[in-house]
Structure formats: C-alpha cells, structure tokens
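**Student:** Below is a structure I'd like to ask you about.
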2 protein chains.
Amino acid sequence: MIAVKVSEKSIRRLSHYARCLRLAKLRGELIMTSQQLATNCGISSAAVRRDLSIYGEFGKQGSGYNVNDLLVNIEDILGTTNPPPVIIVGAGSIGCALMDSGLDGTGGYIYDSIFDNDPAKIGKKCGEKIIQSTDEIKNVLEVNNEIIAVIAVTGGAGQQALENLVQAGCKAILSFTLEPLRAPENVEVRYVEVSTELDVLTHSIRRKERVN
Amino acid sequence: MIAVKVSEKSIRRLSHYARCLRLAKLRGELIMTSQQLATNCGISSAAVRRDLSIYGEFGKQGSGYNVNDLLVNIEDILGTTNPPPVIIVGAGSIGCALMDSGLDGTGGYIYDSIFDNDPAKIGKKCGEKIIQSTDEIKNVLEVNNEIIAVIAVTGGAGQQALENLVQAGCKAILSFTLEPLRAPENVEVRYVEVSTELDVLTHSIRRKERVN
C-alpha cells in the first residue's frame, strides 16, 4: 500500500481521519458513519466518502465503518503503523514543553530522547528524560536511521542543528525555527509555522472587516 | 489591497517572503534579487517572480528589490501591518513555552496576555506576564475584538476554551489541541498539527524506502 503516491493534501486528510478514529476508539465507539467521521473531522461527508472510496472498500453504504478496521487500514496507507521514534534537538522552553506534553493519541509516536549542545543542560532532566549531548545523535541514528528529528533550537542555530542531523543520517525533520533551513534533496524538512498561521488568520479577519 | 481575495497557498508564500525579508533586513541587507529571495525561502525563483508580478511592480528586472519597500508592500497585501495582539489560553507547558520564546521576527505580533482557569496558576508568572483568569478574556476582547487567541490547553479542554473565546467575541483562533474543534462559521480556526506533520514525514520516508 505504502508505495502508492498520495498527494500531501490527501495525506493530511487521512491523518485527520486517523486522529478522529483514535479519539472515537478511546471513547469506546465501535462503528462510525461517514457523516459522524465528517462532523468529527470538520470535513464534508461527501469528501470523506470520496477519500475512502479511493483507497478501497472500507464499509457498506448505510452501515458505517468499523472504527478499528478503518484506523488500521488508514495507518497502512499512511505508512504510520508502528511509527518511527521522534527525537528533540534543543532543550529550551519549546523542546522541554514538547517533551512534557508528549505525543499521546498520535498513534504510537513517542519522544524518544532530547539533545542540547549546552554543557550546562546536558545530564539534567527534561520531563522524564535526561538531556543528552548533540554528539550522541549519531549513535541514535546508527541504531535506527528512520528517526524523525524535531528542531526546537532558537536564535538562528537551526541550520547548524540541521547539518548535524543530516551528517548523522537523519532523513526527516520537523522544525520550529522561524528561519527557513537548507537541506539536501533527500532530506524532508517540514515546519511548524506559528507566524504563518497568524498571518493567515490576520489576513482572514481583516479581509472580512473590509468586505462587511 | 487587503480586500483582494488571495488563495491560502499564496498567503502562505507571501508570509514566507515577508519572513525572509525581515531576516534580510536584520542582517542589514538593502537590496535582494528574486533569486536570493527564492534561495532564502526555499522556493523557485520563477515562482517568486510570478507571485510578485501578480501583486504589482515591486522591482526592476535585474536590479533586485528594495528589501524594506517589498516588505511593506507584502505586509499591506497580507493585511499584517500593525498585526493584532495574540493572547494565550492555557498556562501549561506549551502555553508558557510560547510566551517564553515570544514572537520576535514575526513582524510585530506579540503575546499580549495569558489566561488559565486553574486557581493555583492565576496570579503566578509565566515569562514576564501574570497569568490571568479566563473570566478576564471578555474584558480584553471588549477593548479590541481583533485579537488572535492561541489555545494551548490539554486533555480535551479545547472545545470549552474555544466556546469561552467565541462568547467573548473572538474571531480568530490558533489551536494546539490534538482534537478538532467545532466553531461557528464566522470564527476562523487553524491548527498547529505536530501529529499530522509527523504523519506526512513518516509517509514520505517510508515511501522512499519502498521505492528505492
């Protein structure tokens, strides 16, 4: 399944379905209609039915989907069954807050370890984990090169953090930095872009004010 | 300018250009070619030239753009000149880490205040700000209803936080919750989706492994 080329938009929607199904499972729900899945995800039910019909026969019209089976199938399409461990680079306030809040409910992702290059931080605790030296990153990637790294450093140190990760063999990075990072083509970098989301929201509310 | 209907994709790209221009300005750069802007933003230079030509004549072929003028123009198109204040709801680890790391370099956004409904937290400090009761939110919105609220609460309390904000008159919300929130149509809700970004990264690295 996983070698299928799926557009990023579809992946994001499937990820949202998986998230809603996990929450439904936690609430003890066994069956969910496309209408319920749509309402829970904030997507139209026509879009839900279309998405699910593309990837296979997951349920019968009118009888709803088996929550667990659909979740298993969607995770298979996404390739997120037994997801890779996540490491955090940068044990500042954002890095430690991420470690502290954890990844419960995300289908098996866990923050495996946290790294910093500040000798004053190395060896100290951040949540339940001991902060390790960034020199140790290569050892973690030697054992498992499928790891996802979250860059949570500040003040322009993002590019250096990325280069260390790439050198250690990391292929997937989620960055909280404000500045865009340069990476080789075979390394996938995504961003958590609080400032861009704020721009989208500001544009939206101010456009409405002008239109009304 | 701001009443122009711009697609979300364009808004995001313009937001990235603005971010790169601000960083260039900080480095003291006065002029930037479309090629430099493209390299800094990780976008093709053809796309940069196309985007900028849509919105007006910002520079002459070959002579580059005036960094400050282009930034002012892009902020005008985005409607982010003098952006609205941002409040944080939820003074847990994520909320306080956001407050702590601030919004420097985002073109004028600031975290104005932080709220929690836990009496044990109210009155205590988070960064430089005193944590206020969520009952105070309506007073802040009475003074300025253009405020953007960041929901940084955990454990399923997001919907309640959203409803309080909507009742207080808030029209723009950025949520860090895992669960999707239900909001009236006139309220714009966006999400910082760490788990979806992780899914996109996992899909990408595992698809490559299968293809290779």
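Nothing in this text is a laboratory measurement; each read-out follows from the coordinates by a stated rule. Just so it is clear, the structure is predicted and the values come from calculations on it, not from any experiment. In this analysis, Cβ positions are derived from the backbone assuming ideal geometry, glycine residues included, and neighbour counts consider all displayed protein chains.
**Student:** Among the GluC sites (Glu not before Pro) within the range B:153-210, which fall in a DSSP loop and have no more than 12 other Cβ atoms within 10 Å of their own Cβ?
**Tutor:** B:Glu185
**Student:** Related question: Taking the label point 7 Å from Cα in the Cβ direction, how far apart in nm is B:Gly156 from each other copy of itself, listed shortest first?
**Tutor:** Spelled out, the distances from B:Gly156's label point are 4.7 nm.
**Student:** Taking the range B:86-195 as the region of interest, what is the percent of Cα-Cα pairs per 10 angstrom bin, listed from the shortest bin to the one with the maximum distance?
**Tutor:** 15, 51, 32, 2
**Student:** Ok, one more. For the peptides A:151-160, A:10-19, what is the packing order when you average, over each peptide's residues, the other Cβ atoms within 10 Å and list the highest mean first?
**Tutor:** So the order, starting with the most tightly packed, is A:10-19, A:151-160.
**Student:** Then there's this: Quick one: Karplus J couplings for the range B:69-76, per residue in order, coefficients 6.51, -1.76, 1.60, θ = phi - 60°, nearest Hz, x for Gly and Pro?
**Tutor:** Whole-Hz 3J(HN,Hα) from phi for the range B:69-76: 4, 5, 4, 4, 5, 5, 5, 5.
**Student:** If you count, for every residue in A:185-198, the Cβ atoms of partner chains within 10 Å of its Cβ, what is the mean?
**Tutor:** Counting other chains' Cβ atoms within 10 Å and averaging over A:185-198 gives 6.
**Student:** Using a label position 7 Å from Cα in the Cα→Cβ direction, what is the ascending list of nm distances from A:Leu30 to the same site in the other copies?
**Tutor:** 7.5
**Student:** Provide the per-residue ³J(HN,Hα) series for the range B:6-16, in order, calculated from phi with Karplus coefficients 6.51, -1.76, 1.60 and θ = phi - 60°, each as a whole number of Hz, with x at glycine and proline positions.
**Tutor:** 10, 5, 4, 4, 5, 4, 4, 5, 4, 4, 5
**Student:** Can you list residues from other chains, or at least 5 along the same chain, whose modelled amide H is less than 5 Å from the amide H of B:Thr154?
**Tutor:** Sorted by chain and number, the residues that satisfy this come to none at all.
**Student:** So the label point goes 7 Å from the Cα of A:Glu29 along Cα→C-beta, right? Which residues of the range B:157-200 then have their backbone N under 18 Å from it?
**Tutor:** B:157-160, B:178-183
**Student:** Nearest beta-carbon of B to the rotation axis carrying it onto A: which residue, how many whole Å?
**Tutor:** Rotation axis B onto A, closest Cβ, rounded to whole Å: B:Ala97, 2.
**Student:** Normalise the Debye intensity by I(0) for the protein assembly as shown, one equal point scatterer per Cα, no solvent, then take log10 at q = 0.12, 0.13 Å⁻¹ and round to two decimals.
**Tutor:** At q = 0.12, 0.13 Å⁻¹ the computed log10 ratios are -1.12, -1.31.
**Student:** Can you list the residues, at least 5 places off or on another chain, whose amide H is less than 5 Å from the amide H of A:Thr33, using H built in the peptide plane?
**Tutor:** Long-range HN contacts for A:Thr33: A:Tyr65.
**Student:** Can you list the distances in nanometres, one decimal and ascending, from the A:Ala120 label point to the identical position in each other copy, with the point 7 Å along Cα to Cβ?
**Tutor:** Ordered by distance, the counterparts are at 2.9 nm.
**Student:** A further question follows. List the trypsin sites (Lys or Arg not before Pro) within the range A:118-212 that DSSP assigns to loop and that have no more than 15 neighbouring Cβ atoms inside 10 Å.
**Tutor:** Here the trypsin sites (Lys or Arg not before Pro) that fit, given the DSSP loop and packing criteria, are A:Lys124, A:Arg182.
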